[in-house]
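Step one of this worksheet: look at the structure below.
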Amino acid sequence: MRKFLVVLDSSTECLNAMRFAAMRAANTGGAVEILAVIPPEEFNHWIGVGAIMREEARDRINAHFEVFAKWMRERHQIEPELVIREGDVVPEILSQVTEDPEIGVLVLGAGSEKAGPGPIITQLTRAASGLPVPMTIVPGEMSKDRIAEVT
């Protein structure tokens with residue numbers, strides 16, 4: 001089964017990437033895998049404090065994931081899978097895409113600010129020739145109706 005991999009973060013453009021992946025998976029018989037990456041700098045404290053912070057980060061990710069998962073289940077009959085990795089975001093995305101042979105498409109949301117589409121997209125487009133799967137970039141300003149039309 002082909003999976004659509006989406007990166008879960010706190011950006012607004014993440015919403016459009018989630019919508020696109022869920023609708024596309026529902027329309028093509030695919031699945032959705034949601035990747036959350038915990039950056040290493042969050043744990044540069046004493047060992048005990050770092051462990052507590054790591055657990056708190058995982059709890060926040062699970063709560064955030066459940067919001068999207070509930071929507072995908074109810075609206076699109078999709079049961080998304082959550083993967084949590086620790087490290088720098090772009091290398092972890094590349095590792096996940098490489099390690100999971102069922103991933104068929106990487107879906108990212110582009111920021112709508114004048115500064116550009118966002119650091120993840122900027123870095124991944126530089127590495128695009130080495131990606132083993134296509135990358136779909138969903139504009140942050142794209143409407144829900146338009147996303148539904150193109151999926």
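The test for being modelled with pLDDT of 95 or more, buried (at least 21 other Cβ atoms within 10 Å of the Cβ) and in a helix (DSSP H, G or I) holds for residue 22. Within the stretch 1-17, being among the small types (Gly, Ala, Ser) and either in a helix (DSSP H, G or I) or crowded, with 24+ Cβ neighbours inside 10 Å (or both) holds for one residue alone: 17.
Number of residues in the stretch 72-92 that are free of Cβ contacts under 8 Å to residues at least 60 places away in the same chain, surrounded by 16 or more Cβ atoms within 10 Å (Cβ to Cβ) and in a helix (DSSP H, G or I) equals 4.
For the stretch 120-151, filtering for residues that are aliphatic (A, V, I, L, M), loosely packed, with under 14 Cβ neighbours inside 10 Å and in a helix (DSSP H, G or I) leaves 3. Note on the stretch 25-41: among residues that are part of a loop (DSSP other than H, G, I, E, B) and over 17 Å from residue 71 (Cβ atoms), the one that is farthest from the chain's Cα centre (by Cα) is 29.
Exactly one residue out of 36, 69, 57 is at pLDDT below 90, closer than 23 Å to residue 12 by Cβ, surrounded by 12 or more Cβ atoms within 10 Å (Cβ to Cβ) and small (Gly, Ala, Ser), and it is 57.
The values are calculated or read from the model by the stated rules, or taken from the named source; none is laboratory data. Here the structure is a predicted model, which is why all the values come from computation and not from measurement. Here Cβ is always computed from backbone atoms with ideal geometry, including for glycine, and neighbour counts include all displayed protein chains.
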